[in-house]
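This report concerns only the one structure given below.
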Amino acid sequence: MKNSANRSKRKLFNILVVDDEPGIRELLANLLSIQGQYLVKTALDGNDAYSKICIEDFDLILSDHDMPNETGIGLITKAKAIKPAIKTILMTGGDIELLRKEASKLSVCSYVKKPFVIDEILDLVDKTLTE
């Protein structure tokens, strides 16, 4: 993790990790938490995430797109309506270019294709939060 020294000198960021797959959700939450500058909460789908966004301020939503009850795009649409400055990263195991087109008007900061490389996602989160 080449940028861990740089990451350790920054303020704490509040991140919401949203994924209906428990293994991915917990892996991301644990990896981000051990970096030392992220306070991480998790949500199991878009509805669960939206209820948390309504009562808490997050700097970043890191969300899967393909979930039951509410897609990542649906979640981001609702989240940006109440908290327009929130930064977002969408993940998908599907067609990432199609997702980019579908989400083109939402100001999504970045997209991640699953499966992802751990260092790449950590660097992407760091870059998104510090831009």
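Specify the residue that is surrounded by the most Cβ atoms within 10 Å (Cβ to Cβ); the eligible residues are those in the range 10-27 that are in contact (Cβ under 8 Å) with a residue 60 or more places away in the chain and part of a strand (DSSP E or B). Applying the filter and picking the extreme gives Ile15. Exactly one residue out of Leu60, Leu129 is modelled with pLDDT of 95 or more and in contact with a Lys or Arg (Cβ under 6 Å, 6 or more places away or on another chain): that is Leu60.
Taken together, the residues in the range 11-32 that are in contact with a Leu (Cβ under 8 Å, 6 or more places away or on another chain) and either under 21 Å from Thr130 (Cα atoms) or of a type in the set (Lys, Arg) (or both) amount to 11.
Taking the range 90-124 as the range and being within 20 Å of Thr77 (Cα to Cα), under 11 Å from the mean Cα position of the chain (by Cα) and of a type in the set (A, V, I, L, M, F, W, C) as the test, the residues that pass are Leu90, Met91, Val108, Cys109, Val112.
The values are calculated or read from the model by the stated rules, or taken from the named source; none is laboratory data. In this text the structure is predicted, and so the values were computed from the model without any measurement. Glycine also receives a Cβ, built like all others from the backbone with ideal geometry; neighbour counts cover every protein chain displayed.
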